[in-house]
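The structure under discussion appears below in the form of structure tokens.
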Amino acid sequence: MVKMDNSGLIRLVSTNLAFEQLWDNVRETQLTNLNCWILTGRPAHKLSNDDDDICDEWVLPVELLQYRCGRLTLEILDTVFHSVKSERITLAIVSDDGTIVYYFIYKGLHKPKKN
Amino acid sequence: MPKYVRDAYRYKYPLPIHPLDHLPPLIPHNPISWAYWLFCYLSGSNEPQVRVHAEMDDLKRVTVCREQDMRLLWDNGFFGTGRMSRSEATWRQRTAKRLGLESSERGLESVTEKRRQRRLQFKRERSKFEAAKLELRQKGDLACEILDQERLFLRSLRDKELAYDKDDDDVVFREIDHELLDDAGEVMPIEVLELMPVEAIFLSFALPVLDLQVPTLMSTLVSSNATFADIESLATKYVAYHHYRSRGWCVRSGVKFGCDFLLYRRGPPFQHAEFAVMVLNADETLDYTQYSSTARVVGGARKSFVVCYVERQVSERQILQFWQNHNYASAFSSFKIGEVTYRRWVPGKNRD
Amino acid sequence: MEALEGENDSKIEISVVGNGNRFEDGVCLVFDIESIRRLRRLGITGILTGTLPSAAQQNVFLTVPLRLMAEEAVWLVENGFAVLVSDREALEMGVSDLTASDWDEMDKQQEALFEEQRRFKREQHFEKLRAVGKTVANVDANLESSLFVETRNESSVIQRQRYDFDTPELQKRLVDQLLHSETLKSNYLVYKALRAQGYCVSPGSRFGGRYIAYPGDPLRYHSHLTVPPALRYRDEPLDLLQLVGGGRLGTGVKKLWVLGGVDDESDEGVTFFSVEWAGFG
Amino acid sequence: MAVENESNGKDQHSDSDDDITDVQDWSHIAKLTRKQAIIPKRGEKDYEPDGTDVQEFLLFQARQEMFDTLLNAARGSVKKNTINGYYEQTTHQAFIPFPRGNFMHTMGQVDRTGVCWLEFNEFVYLSERGTVRPFLKCGDDFDLPLSVQDLYAYFRSSEELDNYAVYAHLKRLGFIVTSSRHRPRIGCSENTNSTRTSWISKSFNCINRLFTNLFNVPFYSPFFYKILRFTSSGQLYLQLSKLVPYYSAQKFASLSSVHEHVPIKSERQVKEWHITFDVWKPKAGFKKKTPGVPDFQVIVFNKNASSQRFPTYREFRYLFRKLESKSDATSEREDSKWGRIVGKLKAFFNRGYWPGEPSSECKEKEAKPSKKVTQIQRLKKGYKSFIMAVMDDGLISYIRLSENEFGSESVWYDGARMQNKRSKRKNAKPTKMTN
């Protein structure tokens, strides 16, 4: 399987989570089977009304370059889900304009927010 | 949609290279004024005394970290994005404010955050109504009356949500925030300004602003053993960026709208972007879904959708040669721009 | 999906308009309203495309033919609910087979319809006159020219030939032609997986996708998912720019952007991931 | 029997937003067919099945109304008004021996013997709405009455069927639609001068490029600023804008015959697209023989057909050159064409390399702010355009694709100059930027 090295992005995203999004307890973990890094942390407030409470989130940093195609495949996503055993992970898309945008990824068909 | 911009003077110049705009008046019948004028003209230069210091990190990202440089690039054409901010690098002021260190202006981000909280509350109320409706239904009620009530109530909530709330500012100081403070108890300037690759090229190749060597920059962005496709892909985006920049547009990334660039008539503080640009190769064609989904996102934000095509005019070999000889001007001018506007058309609205 | 189809119901006839004798990129149509009702119960809505004669100057409410996606047609055939018919072939065979007695029969049928109308109209007329207290002997002069001549939805000629098409070999050939490219095959797998999870699936370009999926009949429920074309599970890098756009698209209209991955190397089916803007950043 | 409801509000309503076509409430059309003029509103929909009987009932009701409408809409006419049309398989046309009716203003062609010939599109459309009773021409003594299904079986390809769907969609809205190739052409003299003009423009392009390069190269060298000075941001922009050449859009109908040299050296296949339909807005005085320039030109594109791909830029250019329809900006620009050229010349001499000379564009901007409006409209609408009807398995959506040209429109501002002027004015107010 193709591996995805995102070690260069990990600092960028963890700093952003801790000091821009004000998440608590942001930690880095390495997924050895993929040679890639993932972050966990606790958001400052509930991220969705559909959640019961604030809970720890998994954040996967990936890079978006406008002039080069990325390396994230569905297979890699799937493996990450297998490793973290969570209903959702948050994709931190580090774009080449300096911004980081966050997207939830749910495994399988998920229902949209009711509201 | 023009906005009121308090310190428009701050954004006086559209580019970091300033014109010689303080030349003395020329008086036709006074030769001394001519001489003085000429002296001022010749002794002046558009080239800045000091270049902006830029760095390239191991991710091949170009960043500017000195605060005065960040400010200069932002004020003179809105270049770059603060890594801890949505656009202008305002993180340090916002954080000082959050930690209760100084009472500065409320940042745009914190306003947005307040709104977001309001929204969530509104949605919670709405879901309560949904639940009530379901309960009634389970009892066999058609839920007609409650629908009207619901609408009225939700509307009032929404109005409240839109109203801008001036009061509650809360200081949040966490354990970890100590790391942010220096010995003097001030917030350390950890935010840097990141430049898109095309911005970095523009500010070093087209204008003498950054202290980067153009060939070094280029070979960092596309490694020296890059294929033609790599070079073309970067050149295509750059050529499009340069095209709009040189017509006066403030060009910023369109990532959030699923496209390449946004065009602002003057810049983010002044008005919303009017155009969203997707850059394609002249013989490229995408699955229709990609045009339609981008058009929808862009249309939803009330922007016009432009597909900017870049056509190569000379052979691949020729461009590679220009590139290897560091003749980037020739390489870039070997491409030609064409534009197609993509708009929804509603037959029913076009009958008369 | 509600009550399943009865075993004894005859198969729904799907007309395929192809290119000559080939059915690559063919269009699948249903002309019979009763069949459309059955399709609806199966969770297949299709799109009505024909002019509604009673309101011929609008496009919101249309009538037969119902146009099906190739995916819908193939799904119906694979599950034994429907049979694909090449209408053009069937019609040409049917027309050349017509005998003198067939022509007579058609005449008779038309005449019978007219007679029914005559009877009905006479009765109505007398009713009216009786109400105002008059009796008139003869109304036939006006009546004859006011008889309604109908252009029917379904063909009687084609129906006679449909059984010729209902063989496994022929159906397989037609299905293969409908799903002739890799893209179509992969998309079909995604479609099938969405159906298996109980979704009602419609064409999705209105929302920037290949499909949109509803939790039930679109007449009653909002759609939940926008599904772009199928991705290759293993080796197709995600277009993150598209993902950002797609995720953003969904937040406004309360839909998730759903990626469906198809893996050639395994039979595990389609792997789905649902994408949604996280609401911050 | 066949009631025609011209409820304009209704279909505009539905067309105005895709999200709304998503909601089909058949109860309203059911009422409409009962001759009640009601403007439909959106039906309420639910999030998901909740298992309640109420919801089941509402769904049952919605379906009932839909199918009642379908079953009650008989197609045809009373015997007295019946117009028979006969399909000829060999010519793929139909004829009406005794034609009458309003449709003849915009459809069909009457020959010398008074017989009206219909294209297959027209024949199916008229049959579907019940205006014409369709027959298959079988022999002298008997003709087979055709059903809608039979008519569709005679479509020769799925592409023809897609085209028909778009045709009927536009016809139902009242547009006048003809197949593009059937329209008499105006001014076909293109061919004679095309070779010459293309040669001229080719050589012009070469010279132009040479000059551009000459100006460019020193600009992007470090010594440039030692030699030259810029006294306004405008001059700087002018220099920058010389780097990348751009295609200009055709702005005037009169220039449409000038063929620009388009280098086709693409590795990919370049498809020759054809305009499918010419479309006119509904109008009373339409003449089939002299229809004039169409209001819109439509190309049908099936997004799901594997044989079709969205056009590339080269294909777009090819298409734009073939267009004949009116474009939004044309008329408005044609008046001021000369004025613009003069303005450009002036601007060139003023701006050029003459230091200190105030840029004319700047003055103009301050004097006539209304110019801004037209510039933004030009940029938003573009120039020549066609409509692409996108077929998505029965759902049709339309997009308007216009040739555009940002290259000739500068939106730069000269902050320094504006500032100077303002400080000269006595009652200088806090700045409110409007551009």
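The values are calculated or read from the model by the stated rules, or taken from the named source; none is laboratory data. Owing to the predicted nature of the structure, the values given are computational and were not obtained by experimental measurement. Neighbour counts run over all protein chains shown; Cβ positions are idealised from the backbone, glycine included.
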- prompt: Is there a residue being within 12 Å of chain D (Cβ to nearest Cβ), buried (at least 21 other Cβ atoms within 10 Å of the Cβ) and more than 11 Å from the chain's Cα centre (by Cα) anywhere in the range C:62-70?
  reply: yes
- prompt: Out of all the residues in the range D:141-181, which are more than 7 Å from chain C (Cβ to nearest Cβ), in contact with a Pro (Cβ under 8 Å, 6 or more places away or on another chain) and in a loop (DSSP other than H, G, I, E, B)?
  reply: D:LEU146, D:PHE175
- request: Sort through B:GLU311, B:GLU316, B:GLU339 and tell me the only one that's touching an Asp or Glu at 6+ places or on another chain (Cβ under 9 Å), of a type in the set (Asp, Glu) and farther than 26 Å from C:GLY245 by Cβ.
  value: B:GLU316
message: Among the residues in the range C:79-95, are any within 12 Å of another protein chain (Cβ to nearest Cβ), under 28 Å from D:ALA74 (Cα atoms), outside any helix (DSSP H, G or I) and more than 28 Å from the chain's Cα centre (by Cα)?
response: no
message: Can you report the number of residues in the range D:98-148 which are under 21 Å from D:THR290 (Cβ atoms), over 31 Å from the mean Cα position of the chain (by Cα) and in contact (Cβ under 8 Å) with a residue 24 or more places away in the chain?
response: 0
- request: Take C:ALA213 and decide whether it is touching a residue at least 12 places away in the same chain (Cβ under 8 Å), surrounded by fewer than 24 Cβ atoms within 10 Å (Cβ to Cβ) and within 20 Å of the chain's Cα centre (by Cα).
  value: no
message: Take residues that are more than 7 Å from every other protein chain (Cβ to nearest Cβ) and either farther than 23 Å from D:ASN304 by Cβ or of a type outside the set (Val, Ile, Thr) (or both) and tell me which of the strands (runs of 3 or more DSSP E) falling wholly in the range C:195-264 contain 2 or more.
response: C:200-203, C:211-214, C:256-262
field: Residues that are over 31 Å from the mean Cα position of the chain (by Cα) and outside any loop (DSSP other than H, G, I, E, B), drawn from the range D:86-97
entry: D:TYR86, D:TYR87, D:GLU88, D:PHE95, D:ILE96
Members of the range D:284-317 that are of a type outside the set (A, V, I, L, M, F, W, C), at pLDDT below 90 and out of contact with any Ser or Thr (no Cβ under 8 Å at 6 or more places or on another chain): D:GLY285, D:LYS287, D:LYS289, D:THR290, D:GLY292, D:SER307
task: Please give the strands (runs of 3 or more DSSP E) falling wholly within the range A:1-70 in which 2 or more residues are away from chain C (no Cβ under 14 Å) and free of Cβ contacts under 8 Å to residues at least 40 places away in the same chain.
output: A:24-31, A:36-42
message: Need pairs with beta-carbon distance below 9 Å; first residue part of a helix (DSSP H, G or I) and within the range C:150-176, second surrounded by 17 or more Cβ atoms within 10 Å (Cβ to Cβ) and among the basic types (Lys, Arg); sequence gap 6+ or separate chains.
response: C:ARG162/C:LYS11
- prompt: Quick one: how many residues across the range A:1-51 are over 16 Å from A:TYR103 (Cα atoms), small (Gly, Ala, Ser) and surrounded by fewer than 20 Cβ atoms within 10 Å (Cβ to Cβ)?
  reply: 3
- request: Out of the residues in the range D:284-311 that are surrounded by 13 or more Cβ atoms within 10 Å (Cβ to Cβ) and among the charged types (D, E, K, R), state the one that is nearest to the chain's Cα centre (by Cα).
  value: D:ASP295
- prompt: Considering B:GLY258, B:GLY248, B:GLY299, which residue is buried (at least 22 other Cβ atoms within 10 Å of the Cβ), more than 9 Å from chain C (Cβ to nearest Cβ) and not hydrophobic (A, V, I, L, M, F, W, C)?
  reply: B:GLY248
The one condition in (1) away from chain C (no Cβ under 14 Å); (2) within 30 Å of D:LEU395 (Cα to Cα); (3) in contact with a strand residue (DSSP E or B) (Cβ under 6 Å, 6 or more places away or on another chain) that B:ASP283 fails to fulfil: (3)
field: Residue in the range B:311-328 that is within 7 Å of another protein chain (Cβ to nearest Cβ), of a type in the set (A, V, I, L, M) and either surrounded by fewer than 21 Cβ atoms within 10 Å (Cβ to Cβ) or under 30 Å from D:SER397 (Cα atoms) (or both) present
entry: no
query: Restricting attention to the range A:82-115, which residues are within 14 Å of chain B (Cβ to nearest Cβ), farther than 28 Å from D:GLU48 by Cβ and in contact with a Leu (Cβ under 9 Å, 6 or more places away or on another chain)?
result: A:ALA92, A:ILE93, A:VAL94, A:SER95, A:ASP96, A:ASP97, A:GLY98, A:ILE100, A:VAL101
